[in-house]
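Enquirer: Pasting in a structure now, in structure tokens, and then I'll have a few things to ask.
The values are calculated or read from the model by the stated rules, or taken from the named source; none is laboratory data. Just so it is clear, the model here is predicted, and its values are computed rather than measured. Here the Cβ positions follow ideal geometry from the backbone for every residue, glycine too, while neighbour counts run over all protein chains shown.
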Amino acid sequence: MGHTLAEAKRNPSLHAVCHMDLDQFKVVNNSCGHEAGDRLLNEISNLLVSYLQAPNIVARTGGDEFLFIFMDSDIQNTKNYAMEIKDSIQEHRFKYDGKTYTFGTSIGITAIDEAIQQKLIDTGVDYMQAFHIEKPTPLDNLLKVGSLV
């Protein structure tokens with residue numbers, strides 16, 4: 001993210017950040033064990049990497065949560081990408097120990113426009129604390145756009 005903000009200072013453009021939570025991950029992790037959970041996270045990570053190629057960025061931030069940065073992407077394009085990712089994960093079938101599992105996602109989206117980029121650069125605010133990305137509850141299973149605090 002620091003590199004993204006530095007690049008934004010040199011070349012102002014619009015970017016977007018998404019926070020994704022894998023719904024029902026704990027069902028697999030708790031009932032099948034950590035080995036199954038790790039395998040599921042590996043499969044999901046590979047799927048995400050196939051959608052988020054350079055210069056876009058994807059990172060696992062912990063547990064079943066991922067952060068994406070879409071470079072040079074407005075909110076509408078980012079929503080479209082996020083919907084493709086969401087649909088792909090819903091279509092994915094995780095098979096383990098003779099059982100098949102399906103998953104949904106909750107994704108929050110925040111635009112990083114020039115004003116926000118400059119504010120973060122000027123104030124030195126911790127970007128992870130600065131983003132207020134509204135995530136829907138797992139039952140909503142929708143994309144939700146947030147804002148910068």
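Enquirer: For segment 60-113, which strands (runs of 3 or more DSSP E) that fit wholly inside it have 1 or more residues that are modelled with pLDDT under 90 and of a type in the set (A, V, I, L, M)?
Expert: 65-70, 104-112
Enquirer: Another one. When the residues of segment 39-76 are filtered to those that are in contact (Cβ under 8 Å) with a residue 60 or more places away in the chain and under 17 Å from residue 19 (Cβ atoms), which remaining residue is surrounded by the most Cβ atoms within 10 Å (Cβ to Cβ)? I'd like the intermediate steps shown before the answer.
Expert: Quick first cut of segment 39-76, residues in contact (Cβ under 8 Å) with a residue 60 or more places away in the chain only: 40, 69, 71, 74-75.
Of the ones still in play, those that are also under 17 Å from residue 19 (Cβ atoms) are 69, 71, 75.
Details: 69: 20, 71: 16, 75: 16.
It comes out as 69.
Enquirer: Determine whether residue 54 is part of a helix (DSSP H, G or I) and at pLDDT below 90.
Expert: Against the criterion (part of a helix (DSSP H, G or I) and at pLDDT below 90), residue 54 does not qualify.
Enquirer: For segment 88-98, give me each residue that is touching a residue at least 40 places away in the same chain (Cβ under 8 Å) and surrounded by fewer than 16 Cβ atoms within 10 Å (Cβ to Cβ).
Expert: Of everything in segment 88-98, those that are touching a residue at least 40 places away in the same chain (Cβ under 8 Å) and surrounded by fewer than 16 Cβ atoms within 10 Å (Cβ to Cβ) turn out to be 88, 92, 97.
Matching residues to (1) within 13 Å of the chain's Cα centre (by Cα); (2) aliphatic (A, V, I, L, M):
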position	(1), (2)
34	no, no
55	no, no
66	yes, no
69	yes, yes
73	no, no
